[in-house]
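> Once you've had a glance at the structure underneath, I'll fire off some questions.
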Amino acid sequence: MRRRLGDRLLFGYVWLVMLWLFLPIAVMIVFGFNDTQSKSNVSWQGFTLKWWGRLGDYPELLDAVYNSISIALIATLITTVLGTLLGLALGRHRFRGQGATNLVMFAAISSPELVMGASLLSLFVSAGVQTGYRTIVIAHVLFSVSFVAVTVRARVVGLDPSVEEAARDLGASSWVTFWRITFPMILPGVVAGALLAFALSIDDFVITQFTSGATVTFPLWIYGAVRIGIPPQVNIVGTCIFAVGVLIAVVNSVTARRRATA
Amino acid sequence: MSNIQAGTGAVAAVPDLSPVPAIELDGVVKEYLARGETVQAVKGVSLGVAAGEFFSLLGPSGCGKTTTMRMIAGFEDPTRGVVRLHGRDVTDVPPNKRDVNMVFQSYALFPHMSVWENVAFGLRRKKVQDAEIRRRVGAMLEIVDLTGREKRRPREMSGGQQQRVALARALVNEPRALLLDEPLGALDLKLRQAMQLELKRIQREVGITFVYVTHDQGEALTMSDRIAVMNDGLVEQLAAPREIYERPATAFVAGFIGTSNLLSGTVERVVDGTAVLPLAGYGRILAADAACEAGATITVTVRPEKITISTEEPTGDVSAVRGTVSEVVYLGTSNSYAVGLPDGAEVTVYQQNAHDSSTTAERGDSVWLSWQPHHSYAIGS
C-alpha cells in the first residue's frame, strides 16, 4: 500500500516537472498562432495561421535567423574538431601543462558570460580587429570548445586502451586505428558535444552582444524588438528551431538505442 | 602453418627445437622511469621459443611476464637487448608490422563491429581478397565453434564466446606466434577449465606457436610444453611442466608451483650419490643426486603427496622424520596434514582417500613421515 502511494507520488512529480519544463515552450508555440491585432503578442485573441504566410514581413528577422544558423554551424564545426582533439589529448596522454589546460578549460566553462564578453570586446578592440560576423564565430568557438572537450574526454577515459592496441596488433596503422576504431568509439561523445555547442551558439546573447559589431543574430534581433513588441513571427521561428532540436534529440536517442541493442 | 611439429600424436612431447627459434629474447631489459627513479620491470631475460611450441610465462603479478610479452608484441620497447622473430631482429619494428598477434586479457574486441568484422579486421588490413577473407573467416569461426553468430555484436555474447572471438580474430591471420595475456582470467572456473582444453586443441589444430602469460600455475602445468617461471623481472626456471614440478630449481619455484615443503640440514656423508642429512634427534633426510659434499648445508624440497604418514618408524633407505600433527583437513579426494617438526618447521602431507574415510592420524598424534631419497630435491637458494 505504501509502495503504491510512493509510486503515485513519483508519477505525479514526474508530470509536474514535465509541465514545469514544457509550459513556457507551449506558450511560445501557441502564441505563434495568436490572431493578435496590436504590436504586443501577449494576450490570446484567437487562432490563425496567417503569421506563417507572413514571415517575410520582417526581412531583417530572416537575415538574423540566417546569421544565427550559419554562425552556429560554422562555430560547431570548428568547436567539434578542436574540442575532440583537446578531449583526446586530455583523456589519453600525460603531458606538461595538462593541469593548466584543465584549469583554463573549467575557467572558460564557469566564468560569467558578462566577464568573457567584455574581455573579448576589449581584446578585439585593442588588437584592432573589426567586430562582426567573424568575431562572433571566434567567441562562440571559445566558450563552447571546453564543453566538447569535456564530453569527449569522458568518453576517451572510459575506453579500454587495449582495444586500440588490438587494432595495431592486427596490422592497422595509427591513422587507420583512429578512424576505424577510436573515432567510432568516441563518436557518441563527439555528437553530444557538437549538439551542445550548436545549442550554446544559436541562442547565445550576452557574449554575442559584445562581439557582434553591426551583425545581428536572432537573439539580438529579439532583444531589439522587445521595446516595440515582439511579432508572432518570432514565435514561429522559435517553434521551428525547437522542432529541429526535438528532431535531432529523437534521432540521436533512437540511433543510440539502436547502437546499444543492434 | 608450415611449422607444425610434434603433430597430433605426442601430446605432451616438447616439440623439437628447430635451429631458428620462433621467438628469441636476447638479454632483454625494460626500465621505466617512475617519479624520477628507474624501475626495472624486466631485468635481463634471454629465452627461445620453438616453432609450434606451447610456451608459458608464469609468475606472480608484477614479475615482468606481461611486460616481456608486450615487448614481443611490440607495445613496449626494450631498454636493452634484442627481440627476434624467426631469426629476424624486430626490436624496432612497430606492432602492426610484426607477424605475431595477441589475445588481450580484456579481449579488446571492437564493440562497434560484428563478430565477422572483428575477425576479418586483420585480413582486411593486409588487403586480402574478399573471397579469401570469406573463406578464412568462415573456417576460423568454425574452429572456435561460433558459426551462425557472425552478425552478433561482442556485447551480446557471453564471456566464453567473446574469448573465442578474440582468439579467432588473432588466429585467422596465421601469425608466426600467438601471444595470450591471461586470456582466461575473466572466466569462471568451469569455463576456464573447458577453455584450457579448448585452447590446447586449437593450438594442435592450427600448429601455431603459443606464448601464454598466466599467474595460474595449474593452467600453465596443464597446457604448456615448456614453462618459464618468472619472478622479480628474471626467469627463475625454464623447463617442461614435469621438470618444473618435480625438480624446482629455486625455493621460489618450489613455493610458487604447487605446495612444497622446504627442509634444510647439514650433509653428514654422501653414499652412492645420496646425501644423508641427520636431524638432531628426530630423524634424517636422504637426498638423491644432491651434488654436494659432506659438511655443506643444503635445502631440499619435498612435494606433500610424496610423503607417507604413519604411526610406526619406517624402515629401509628412506627419509624419515618425526613430528606432531597440528592440523588435519579433509579435502574430499585426500586428507591434508600439517605436521610440526621439533625445530619449528611445518610439513604439509597429502594422503589419498583411496581406502576409507578414516584418517591415519589425529591432531596431537606423534607420527613418522617418510619419502624416497629421489623425492628430496636439493635447490639453489
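The values are calculated or read from the model by the stated rules, or taken from the named source; none is laboratory data. Model, not experiment: these values are computed from the prediction. Every residue, glycine among them, receives a Cβ derived from its backbone with ideal geometry; neighbour counts consider all protein chains shown. In case anyone asks, the SASA skips ligands and DNA or RNA and just uses the protein heavy atoms, side chains included. Shrake-Rupley method; radii C 1.70, N 1.55, O 1.52, S 1.80 Å.
> All but one of (1) part of a strand (DSSP E or B); (2) at pLDDT 90 or above hold for residue B:275, so report the exception by its number.
Result: residue B:275 fails condition (2) only.
> Residues in the range B:63-84: is at least one at the interface with chain A (Cβ under 9 Å from one of its Cβ atoms), open to solvent by 10 Å² or more (accessible area, probe 1.4 Å) and of a type in the set (A, V, I, L, M)?
no
> State all residues of the range B:209-222 that are of a type in the set (Val, Ile, Thr) and open to solvent by 10 Å² or more (accessible area, probe 1.4 Å); if no residue qualifies, say none.
Within the range B:209-222, just B:222 meets the criteria.
> Okay, moving on. Taking the range A:155-170 on its own, how many of its residues are more than 8 Å from chain B (Cβ to nearest Cβ), open to solvent by less than 40 Å² (accessible area, probe 1.4 Å) and in a helix (DSSP H, G or I)?
Here the count works out to 2.
> Conditions first: (1) modelled with pLDDT under 90; (2) away from every other protein chain (no Cβ under 14 Å). Residue B:138 passes all but one, so which condition is the exception?
(1)
> To continue, here is another question. So which pairs qualify, if the first residue must be in the range B:135-164 and touching a residue at least 40 places away in the same chain (Cβ under 8 Å), the second must be surrounded by fewer than 14 Cβ atoms within 10 Å (Cβ to Cβ), the Cβ gap must be under 8 Å, and the two must be at least 6 apart or on different chains?
B:143/B:205; B:153/A:262
> Just give me the residues in the range B:156-201 being closer than 14 Å to residue B:223 by Cβ and crowded, with 22+ Cβ neighbours inside 10 Å, in sequence order.
Within the range B:156-201, B:167, B:178, B:180, B:183, B:184, B:199 meet the criteria.
> Being in contact (Cβ under 8 Å) with a residue 40 or more places away in the chain and touching an Asp or Glu at 6+ places or on another chain (Cβ under 6 Å) narrows it down to one of A:237, A:206, A:141, A:191, so name that one.
A:206
> Which of (1) aliphatic (A, V, I, L, M); (2) in contact with a Leu (Cβ under 8 Å, 6 or more places away or on another chain); (3) open to solvent by less than 30 Å² (accessible area, probe 1.4 Å) is the odd one out, the single condition residue B:251 does not satisfy?
(3)
> Moving to a separate point now. Quick one: is residue B:227 outside the structural domain of residue B:51 (by TED's automatic domain parsing), in contact with a Leu (Cβ under 6 Å, 6 or more places away or on another chain) and surrounded by 17 or more Cβ atoms within 10 Å (Cβ to Cβ)?
Spelling it out, it is not the case that residue B:227 is outside the structural domain of residue B:51 (by TED's automatic domain parsing), in contact with a Leu (Cβ under 6 Å, 6 or more places away or on another chain) and surrounded by 17 or more Cβ atoms within 10 Å (Cβ to Cβ).
> Follow-up question, since we're still on this one. Assess whether residue B:219 counts as being part of a strand (DSSP E or B), within 30 Å of residue B:308 (Cβ to Cβ) and not assigned by TED's automatic domain parsing to the domain that holds residue B:303.
It is false that residue B:219 is part of a strand (DSSP E or B), within 30 Å of residue B:308 (Cβ to Cβ) and not assigned by TED's automatic domain parsing to the domain that holds residue B:303.
> Could you give me the residue pairs with C-beta distances under 6 Å whose first residue belongs to the range B:303-318 and is closer than 16 Å to residue B:351 by Cα, whose second residue is open to solvent by less than 80 Å² (accessible area, probe 1.4 Å) and among the small types (Gly, Ala, Ser) wherever it lies, and which are 6+ apart or on separate chains?
Here the result reads B:308/B:370, each pair linking the range B:303-318 to a residue that is open to solvent by less than 80 Å² (accessible area, probe 1.4 Å) and among the small types (Gly, Ala, Ser).
> Which of the residues belonging to the range B:85-97 are more than 8 Å from every other protein chain (Cβ to nearest Cβ) and either assigned to a loop (DSSP other than H, G, I, E, B) or of a type in the set (A, V, I, L, M) (or both)?
Selection gives B:85, B:86, B:87, B:90, B:91, B:92, B:93.
> Another question, if that's okay. On the given criteria, is residue B:177 farther than 21 Å from residue B:46 by Cα and within 14 Å of chain A (Cβ to nearest Cβ)?
Spelling it out, it is not the case that residue B:177 is farther than 21 Å from residue B:46 by Cα and within 14 Å of chain A (Cβ to nearest Cβ).
> Here is a follow-up. Within the range B:301-312, is even one residue among the basic types (Lys, Arg) and closer than 11 Å to residue B:369 by Cβ?
Checked the range B:301-312: at least one residue is among the basic types (Lys, Arg) and closer than 11 Å to residue B:369 by Cβ.
> Condition test on residue B:155, is it part of a helix (DSSP H, G or I) and either charged (D, E, K, R) or touching a Cys at 6+ places or on another chain (Cβ under 6 Å) (or both)?
So residue B:155 passes the test.
> Report, by residue number, each residue of the range B:148-174 that is over 25 Å from residue A:168 (Cβ atoms) and more than 11 Å from chain A (Cβ to nearest Cβ).
B:148, B:149, B:158, B:160
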